[in-house]
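Asker: First the structure, then my questions, so here it is.
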Amino acid sequence: MTRFCGIAPRREGRLGQERYNALMSELAELLERFRRGAELVAVAATGAAGSELDWTPGPGRWSVRQILCHLADSEMVGADRLRRIIAEENPTLVAYDQDAWARNLDYTRRKVSQALEMFRRIRSENYELLKDVPEPACERIGTHSERGRVTLRDMLETYAKHAEGHAAQIRAVREQYKAERAGKA
Ligand code: NI
């Protein structure tokens, strides 16, 4: 049984063994980065409370609370997209306006604990789904309404980087918040 990650059996032919091993270890690494995303985000947000949660670095920029809500909603959309690519033939993946979602879905008032838990939980479900998908499924495709053709592997990479990028953003916003408060003191 060939797996998305982990120890894959030898596959003769099409790909050289070396190339195949490299591909599998790259996938396993991506999958591990994907899995660790929830922890990375939780650690980045640890200890944030009170006014720090709603402080924004400037107009149109997101607060820690809004970033966490975005991560939760994005992961929910991701859960749908990943399942469609695996189950359907070249499904359409509909883009969404993330700023409109932040504005109109009350990101400034949603509970941080709930957003974090929602992100953690759905990421965990997505990980469980992906880790047992047969390796050839990595090349299954969908068509994103703005970005065009995407493979399942592309999606895995996009979502792995998404959590990493926003964890870094949370750390940066908190640093700026602290620097500003220190400046005012
Ligand atoms: Ni994002």
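What follows is calculated from the coordinates using simple rules that are stated; it is not laboratory data. Model, not experiment: these values are computed from the prediction. With ideal geometry, Cβ positions are generated from the backbone for all residues, glycine too; neighbour counts draw on all protein chains shown.
Asker: Report the FRET efficiency, 1/(1 + (r/R0)^6), for Asn21 and Asn104, where r is their Cβ-Cβ distance and R0 is 41 Å, rounded to 0.05.
Answerer: 0.30
Asker: For Lys131, go through the lysines and keep the ones whose alpha-carbon is under 18 Å away, minus same-chain ones fewer than eight residues off.
Answerer: Lys161
Asker: Which residue, chosen from Pro134, Pro59, Leu71, occupies the Cα position most advanced towards the positive end of the dipole of the chain, where the dipole is computed from +1 (Lys, Arg) and -1 (Asp, Glu) charges on Cβ about the Cα centre?
Answerer: About the Cα centre, the residue reaching furthest to the positive side is Pro59.
Asker: Then there is this: Can you give me the span-like helices of the chain, meaning DSSP H runs with 20 Å or more of Cα extent along the axis and Kyte-Doolittle mean at or above -0.5?
Answerer: 17-45, 64-87
Asker: Nearest 500 deg cm²/dmol is fine: what mean residue ellipticity at 222 nm does the chain get from its DSSP H runs of n ≥ 4 alone, each adding -39,500 (n - 2.57), divided by its residue count?
Answerer: It lands at -21500 deg cm²/dmol.
Asker: Here's another thing I want to ask about it. Arrange the peptides 89-98, 31-40 so that the one whose residues have, on average, the most other Cβ atoms within 10 Å appears first.
Answerer: Order by mean packing, descending: 31-40, 89-98.
Asker: Could you work out the relative contact order of the chain, using alpha carbon pairs under 8 angstrom and six or more residues apart, expressed as a whole percent?
Answerer: Answer for the chain is 35 percent.
Asker: Alpha carbon centre of the stretch 111-185 versus the stretch 18-42: separation in Å?
Answerer: The stretch 111-185 and the stretch 18-42 have Cα centres separated by 13 Å.
Asker: So what's the Cα pair-distance distribution over the chain, bin width 5 Å, in %?
Answerer: Pair shares across the bins are 1, 8, 15, 17, 17, 14, 10, 7, 5, 3, 2, 1, 0, 0.
Asker: Next question. Explain nothing, just compute: Karplus ³J(HN,Hα) = 6.51 cos²θ - 1.76 cosθ + 1.60, θ = phi - 60°, for every residue of the stretch 133-146 in order, whole Hz, x for Gly and Pro.
Answerer: Values, residue by residue: 6, x, 3, x, 5, 4, 8, 5, 10, x, 10, 6, 5, 10 Hz.
Asker: Points 7 angstrom from Cα along the Cβ direction at Ser51 and Glu175: gap in nanometres?
Answerer: Here the modelled spin labels are 2.3 nm apart.
Asker: How large is the charge dipole for the chain, taken about the Cα centre, if only the Cβ atoms of Lys, Arg (+1) and Asp, Glu (-1) carry charge, to the nearest 20 debye?
Answerer: 360 debye
Asker: Given the peptides 48-57, 150-159, arrange them by the average over their residues of other C-beta atoms within 10 Å, most packed first.
Answerer: Sorting 48-57, 150-159 by mean packing, highest first, produces 150-159, 48-57.
Asker: Now, a different point. Taking H as built 1.01 Å from N, whose amide H comes closer than 5 Å to the amide H of His144, not counting residues under 5 places away?
Answerer: Leu93, Arg149, Val150
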